[in-house]
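Trainee: I'd like to ask you about the structure that follows.
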């Protein structure tokens, strides 16, 4: 057991956690970040990032995370590259365990993020960041003048399909059923757009390409027949899963599993525990909004500690 009592322990990394680390470290709170084995969050799976302010020529996702980590370390953040195995927020100071090692904290910032749901294809995983993407807002710009495909049938998928029409020559929506589950207004917008076509009752069986996406093999979910679709990019929009299993029964979660925070705040249902980034944001899911909420969490943590 670690006998030292820490002012703040940050669970998870990514833009939210690392920004919280920078701010709490500069406030002399000596943050301990348990960054996880998969440190850095979803940006570690991204190639070029062109929409993060301050990098006019763009920056690679892993490089941006490395810069943020170095900045947090410069001000005194302690990093533990491992996963949290359990937490106890029922009494103070709070308990956080990494295996059998226990850490005690006066306050906690949770920034464990969310994981994009994928199709589960080896070729999809291999080409992630090289034509396969889970974020149209992040990557659509790179495919100007090219044909694109998007998988999904909910509001988010149709919204992203409409966004992609700003850049693509055509957008093919691939949906495994014969009707969308999206709202009527989104269905009407998508089906009425002259750049959008739909492949009903279809699923992606394979992503073709050596170093970049060249085409897709589609399988008809009714007949089993396969066909080819030439595209330069595949966007997967079948939802996200917040990384909140640690906090089930501990903190309030919404019906989709995201941590519930107070309005205009990062405060969770337990005083002294704050949440930032995609673990509590199912709307924007951008690096810059995650960083902003990490700043909010740090400032709220500092204020909470000063009052308690």
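The values are calculated or read from the model by the stated rules, or taken from the named source; none is laboratory data. Computed from a prediction, not measured in an experiment: that's the story for all the values here. Here Cβ is always computed from backbone atoms with ideal geometry, including for glycine, and neighbour counts include all displayed protein chains.
Trainee: So in the range 26-52, with the set limited to residues that are under 13 Å from the mean Cα position of the chain (by Cα) and assigned to a loop (DSSP other than H, G, I, E, B), which one is surrounded by the fewest Cβ atoms within 10 Å (Cβ to Cβ)?
Mentor: Filtering the range 26-52 for residues under 13 Å from the mean Cα position of the chain (by Cα) gives 38-46.
Next, only the ones that are assigned to a loop (DSSP other than H, G, I, E, B) stay: 38-40, 46.
Details: 38: 17, 39: 21, 40: 23, 46: 22.
Selected residue: 38.
Trainee: Might you check whether a residue that is touching a residue at least 60 places away in the same chain (Cβ under 8 Å), surrounded by fewer than 16 Cβ atoms within 10 Å (Cβ to Cβ) and closer than 30 Å to residue 53 by Cα occurs anywhere in the range 252-260?
Mentor: No, the range 252-260 contains no residue that is touching a residue at least 60 places away in the same chain (Cβ under 8 Å), surrounded by fewer than 16 Cβ atoms within 10 Å (Cβ to Cβ) and closer than 30 Å to residue 53 by Cα.
Trainee: Any idea which of (1) more than 22 Å from residue 131 (Cβ to Cβ); (2) at pLDDT 95 or above is the one residue 186 doesn't satisfy?
Mentor: (2)
Trainee: May I pose another question? Residue 76 - would you say it is in contact (Cβ under 8 Å) with a residue 12 or more places away in the chain, buried (at least 16 other Cβ atoms within 10 Å of the Cβ) and either farther than 22 Å from residue 280 by Cα or out of contact with any helix residue (DSSP H, G or I) (no Cβ under 9 Å at 6 or more places or on another chain) (or both)? Spell out how you get there, then give the answer.
Mentor: On the way: in contact (Cβ under 8 Å) with a residue 12 or more places away in the chain: yes; buried (at least 16 other Cβ atoms within 10 Å of the Cβ): no; either farther than 22 Å from residue 280 by Cα or out of contact with any helix residue (DSSP H, G or I) (no Cβ under 9 Å at 6 or more places or on another chain) (or both): yes.
It is false that residue 76 is in contact (Cβ under 8 Å) with a residue 12 or more places away in the chain, buried (at least 16 other Cβ atoms within 10 Å of the Cβ) and either farther than 22 Å from residue 280 by Cα or out of contact with any helix residue (DSSP H, G or I) (no Cβ under 9 Å at 6 or more places or on another chain) (or both).
Trainee: So which of 235, 163 is under 30 Å from residue 111 (Cβ atoms) and either at pLDDT 95 or above or surrounded by fewer than 14 Cβ atoms within 10 Å (Cβ to Cβ) (or both)?
Mentor: The match here is 235.
Trainee: Wholly within the range 201-243, which strands (runs of 3 or more DSSP E) include no fewer than the required count, namely at least 3 residues that are over 30 Å from residue 260 (Cα atoms) and touching a residue at least 12 places away in the same chain (Cβ under 8 Å)?
Mentor: Working: elements: 202-208, 215-220, 226-230, 233-236, 240-242.
Because the criterion is at least 3 residues that are over 30 Å from residue 260 (Cα atoms) and touching a residue at least 12 places away in the same chain (Cβ under 8 Å), the strands (runs of 3 or more DSSP E) in the range 201-243 that meet it are 202-208, 215-220, 226-230.
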